[in-house]
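Notes follow the structure.
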Amino acid sequence: MHESPIRWSTALQWLQTHAFRRPESWEARFGKEQSHQRLLQQESNDRYRAVVETAVDAIIIADKSGIVRAFNPAAEIIFGYTAHEVIGQNVRMLMPEPDRSQHDSYLRTYRETKERKIIGIGREVTGRRKDGSTLSLDLSIAEWRDIDGRQCFTGIMRDVTARNQQAAELQQAIATAQTARLDAEAANRAKTEFLATMSHEIRTPLMSISGFTDLLARKGRLSVEQRRYVSLIRTANESLATIVNDILDFSKVEAGQLELQNRPFSLQTMIHDTVAIVQPIAARKALRLKWTVDRGIPEWVEGDDARLRQILHNLLNNAMKFTELGAVTVSATPMLGRDGRDLIQFAVSDTGIGIPPEHRERLFKKFSQADGSISRRFGGTGLGLAISKRLVELMGGSVGVDSEVGKGTTIWFTVPLAAAAAPDAKPKATAAVEEANLCRGKILLVDDIETNREIVMAFLEDAGCDVVQAGSGAEALRLIEETAFDLVLMDIQMPNMDGVTATRLIRQMKAPVRDIPVLAMTGNVLPRQIQSFINAGMNDHIGKPIERKKLYSKLWCWLPRKLAAEPAALASSPMFNRTRLDELIDSLGPRKVEHTLRMFQKQLGDCFQSDIAQARSEAHDLINAAGVLGFELLLDYALALKDTPDGVSVSDALMADCRDTRDAVLEIIETTVLPHLAAPGLRKAG
Ligand code: ADP
């Protein structure tokens, strides 16, 4: 049986059609008291209607059988039905299956048992629109009785389809982001591993090339032509090492593996040394090379001097490369950053070819060169500026470029460098002094690759060390138990037992064996790996390819002092052949030799100060005396320099080696050879 609509809607309808427009007639019609009651009733209805009609949520009233008695405008919008189409129909028309079929039995159960599923609780349900589509609804239902005591239900519904969709999309985005993060982490790990492996694989053969070239140059009896070839191999190897280091550096920065050092250093010295490296290029190209440091900059600052040098060197090299005429200038000036920090701005300006505006954008991107012809004309990988930018940013600074085609370029960068106290002065321990003073330390050399052992062995024997070789970690352990060594040079990657494990086992042995200094020799130079060597008990690390000078300075640090510092009493070394000097003393007598030495000292002191043409002629003049006096390394370098044909660029490293050797020889003359000549026994002989 169809029940009559509930009273409030009838009243509302009635009031709407009859009473609202003519309130003045109420008193006449209903009497004063009743009229007041009706006015209150109307006000309540008005309020109710205003709420229901303007609510953004759907409001539906149904009776106990589920027949819809009221359906507000928001419900019309949400479900797509007009109130007219729904009022008088069962509310289940607004539900999809299976709720639709089960709704009657749900209501019945509720009436009989009062068991609630939604009423008074609220939950999310699925609704059905007129067009058959479904929607998600937050539904709450209140139960009440009208004035006739009939059971009614008011349902308030909010369309949460969009909200749910957004939540699902957000969930999806989070899941995607998480997967991407995990992928990126895995890729980063793979990249780091790859880097470590490549670093090892590339540095090992590089070490063979540079090591054997070095030995060939110093030991082989080479013709002028052969010397030239050796010098060319050296230069090519240095370029290759630079490229490899650039690529490894770049990958390290990208993988977040590059750690900056923070130590006090003299800014003036850093700039001076960096400029000095490119001085020969400037001299060869007849470019003026100037540098200025503003007076306002403190002498000592704190930062990573090696990386700053690398950046400046990159910029200076480019400036030299792209300038044929004029000047290259380096400047350092103090600046105040936007955030109030003290900054130092470094700028390298040149009067070279300039950079077209369209190329400036990608200047600091990796593998980018101004145009394709650049690499053919000037060489380079297009990595220098990209690395420089990354390094500057890592230091918390920024880079920029000003340039005019045909006029020149200024590339600048700013970095925060705090003033630092001057460190305690340490005695100057040049490679030369170290080399001259090294003597018979007993060293265990552990490496599974024979060529590597051969190179390092030659370096060590040259320095007067007594060397025993081991091809594996296990062999090293056995030898250590049998023989007392002063130091172990330990390769890291070896089959069966690696260097880290071997060191750990050494540290578990009895004293004094367990306290022996162990230095890692490896191409694996990621900070994380170096840390793992230290954790395993290694004392220090020397990177491959192993360079003679670096090796000697490590020996100087780690060999027991009595061995390293024992005066060589004019012992032969790679730097100096005593037999030659003795022969000379025999034929000329010590006083003449002393006189010759003093002249030589003066001549050598003035060498290798300026441009390359000058250095070549100085090298030529040195050859005779260096050979006769027994300064063989100096002789080698002088020959290499003299023999470099015109048009072949002399590498920076060769010039630097010449200067270092000059200083070393001067030191040996002063501290060892002259005192030896002054010794009473020799004086008598003279
Ligand atoms: P590359 O090793 O090839 O020199 P860089 O990243 O150092 O790599 O430089 C990228 C390119 O930027 C160079 O090839 C050159 O085209 C341009 N460039 C850099 N510095 C200068 C400069 N001072 N003058 C003109 N062009 C420059």
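The table for this structure:
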{"read-out": "The stretch 465-506: equivalent-ellipsoid semi-axes (sqrt of 5 x gyration tensor eigenvalues, Cα, Å)", "value": "16, 11, 9"}
{"read-out": "Listed pairs Lys191/Lys554; Lys252/Lys442; Lys219/Lys442 exceeding 29 Å between Cα atoms", "value": "Lys191/Lys554; Lys252/Lys442"}
{"read-out": "Leu260, Leu555 arranged by Cβ crowding within 10 Å, fewest neighbours leading", "value": "Leu260, Leu555"}
{"read-out": "Spin-label proximity, Asp131 to the stretch 46-90 - amide N less than 13 Å from point 7 Å beyond Cα toward beta carbon", "value": "78-81"}
{"read-out": "Relative exposure of Tyr106, Tyr229, Tyr552, judged by other C-beta atoms within 10 Å (fewest first)", "value": "Tyr229, Tyr106, Tyr552"}
{"read-out": "Kirkwood Rh in Å, taken over the stretch 37-122 so that all alpha-carbon pairs contribute", "value": "14.5"}
{"read-out": "Binned Cα-Cα distances of the stretch 121-172, short to long, each 10 Å bin given as a whole percent", "value": "22, 36, 27, 11, 3, 0"}
{"read-out": "Cα-based equivalent ellipsoid, the stretch 52-102: semi-axes from gyration tensor eigenvalues, Å", "value": "18, 12, 9"}
{"read-out": "Over the stretch 166-211 - Rg/Rh using Cα atoms and the Kirkwood inverse-distance radius", "value": "1.47"}
{"read-out": "Gain in span if fully extended, Ile449 to Arg295, counting 0.36 nm per residue against the direct Cα distance", "value": "50.1 nm"}
{"read-out": "Residues Leu383, Leu666 arranged by fewest to most Cβ contacts within 10 Å", "value": "Leu666, Leu383"}
{"read-out": "Linear extension gain, Ala511 paired with Asp46, 0.36 nm per residue minus alpha-carbon span", "value": "157.5 nm"}
{"read-out": "Normalised alpha carbon radius of gyration of the stretch 155-273 [divisor 2.2 N^0.38 Å]", "value": "2.04"}
{"read-out": "Sites Lys602 and Ala276 - FRET efficiency at Förster radius 25 Å, r taken between beta-carbons, to 0.05", "value": "0.65"}
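Read the figures in this text as sums done on the coordinates, not as results from a lab. Since we're looking at a predicted model, the values are computed, not measured. Note that each Cβ is placed from the backbone with ideal geometry, even for glycine, and that neighbours are counted across all protein chains shown.
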